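The values are calculated or read from the model by the stated rules, or taken from the named source; none is laboratory data. Quick caveat, the model's predicted, so the values are computed rather than measured. Here the Cβ is made from the backbone with ideal geometry for all residues, glycine too, and neighbour counts use every protein chain on show.
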């Protein structure tokens, strides 16, 4: 497999070239690291969100947007498909980097993770990247700092001048788009957490409603998770059958049926305390090549209407 960071940097160059049209901004920190503002001071937008989702998956997945409906009301939906699910979703898109320093906090996703390659996914898939430039998408409500860029540079063994931090808040259009684009990733990750070989997932696709952008980060995070767990629909093509496919969708979780805002409040917003099986799509079809096709889970429009404030 070609370098995911090399492929992603080509898309970062595209974002810089069309920054004005995408309503995003770029600037350099004093240590020469580059920041692309996708949704902090700049508005961003749906096209910017789709491009960022493509960067997060290193160009190995295709995000798209269409207008559907939710409970009879027009509602945008974000879709993402890939024929390289192990690399694009687990080794790149997954939000697995807690970027925390003395003056910055954010959640990182994207190809920079593959230069570190210390998470379980990389060992199971057998992939490690090597490149002299890197991109990390960072979900945060703070402007990225030099110390944040230096942490990325140190762990990826890239010069700070080769670090690109793509920043956006949860409460932004880009935040809503990129989070809604995670259905295929969550379905694939949940399946592999149950013991399935990620290399036996041939193709993955997902679709979720685009949450309206609220005024605060906590509401945005809750809505994004509701959109996935109660409105997300995934489709996986796999090589091998298994007897645990019914445990993939969020409906298998004991806490299913409660909005995430309520769950987070009860746990005082300690994300690590949320049951992991809730972070999954509402409904999943799993198509075994040459074998049966399974459909498990269901969506909950009533909960989404309440969560989205429709």
**Prompt:** Can you pull out the residues in segment 272-300 that are touching a helix residue (DSSP H, G or I) at 6+ places or on another chain (Cβ under 8 Å) and either surrounded by fewer than 18 Cβ atoms within 10 Å (Cβ to Cβ) or part of a loop (DSSP other than H, G, I, E, B) (or both)?
**Reply:** 274, 276, 279, 280, 281, 282, 294, 296, 298, 299, 300
**Message:** Yes or no: segment 46-67 includes at least one residue that is in contact (Cβ under 8 Å) with a residue 24 or more places away in the chain, surrounded by fewer than 20 Cβ atoms within 10 Å (Cβ to Cβ) and in a strand (DSSP E or B).
**Reply:** yes
**Message:** Residues that are under 17 Å from the mean Cα position of the chain (by Cα), assigned to a loop (DSSP other than H, G, I, E, B) and surrounded by fewer than 23 Cβ atoms within 10 Å (Cβ to Cβ): does segment 103-123 have at least one?
**Reply:** yes
**Request:** Quickly run through segment 243-269 and pick out the residues that are under 30 Å from residue 197 (Cα atoms), in a loop (DSSP other than H, G, I, E, B) and modelled with pLDDT under 95.
**Result:** 253, 254, 255, 256, 257
**Message:** If I ask for residues that are more than 16 Å from the chain's Cα centre (by Cα), buried (at least 21 other Cβ atoms within 10 Å of the Cβ) and under 25 Å from residue 89 (Cβ atoms), which ones from segment 8-33 would you list?
**Reply:** 9, 12, 15, 22, 24
**Message:** All but one of (1) within 14 Å of the chain's Cα centre (by Cα); (2) buried (at least 20 other Cβ atoms within 10 Å of the Cβ) hold for residue 84; state the number of the condition that does not hold.
**Reply:** (1)
**Request:** Would you be able to say whether some residue in segment 243-259 is without any contact (Cβ under 8 Å) to a residue 24 or more places away in the chain and either surrounded by 17 or more Cβ atoms within 10 Å (Cβ to Cβ) or under 22 Å from residue 169 (Cβ atoms) (or both)?
**Result:** no
**Selected residue (criterion: nearest to residue 150 (Cα to Cα)) from residues of segment 68-94 that are modelled with pLDDT under 95 and part of a loop (DSSP other than H, G, I, E, B)** = 71
**Prompt:** Got at least one residue in segment 205-220 being part of a helix (DSSP H, G or I), modelled with pLDDT of 95 or more and in contact with a strand residue (DSSP E or B) (Cβ under 9 Å, 6 or more places away or on another chain)?
**Reply:** no
**Asked** Does residue 145 meet the test of being within 19 Å of residue 59 (Cβ to Cβ) and buried (at least 18 other Cβ atoms within 10 Å of the Cβ)?
**Response** no
**Prompt:** Name the pairs: first residue in segment 18-36 and at positive phi and in contact (Cβ under 8 Å) with a residue 40 or more places away in the chain, second residue surrounded by fewer than 17 Cβ atoms within 10 Å (Cβ to Cβ) and assigned to a helix (DSSP H, G or I), Cβ to Cβ under 7 Å, at least 6 apart or on different chains?
**Reply:** 32/161
**Request:** Give the residues of segment 267-296 that are over 21 Å from the mean Cα position of the chain (by Cα) and in contact (Cβ under 8 Å) with a residue 40 or more places away in the chain, sorted by residue number.
**Result:** 287, 288, 289, 291, 292, 294, 296
**Message:** Restricting to segment 155-204, count the residues that are surrounded by fewer than 24 Cβ atoms within 10 Å (Cβ to Cβ), outside any helix (DSSP H, G or I) and out of contact with any helix residue (DSSP H, G or I) (no Cβ under 8 Å at 6 or more places or on another chain).
**Reply:** 2
**Fill in**
Counting only residues in segment 222-242 that are in contact with a strand residue (DSSP E or B) (Cβ under 7 Å, 6 or more places away or on another chain) and part of a helix (DSSP H, G or I), the one surrounded by the most Cβ atoms within 10 Å (Cβ to Cβ) is identified as 228
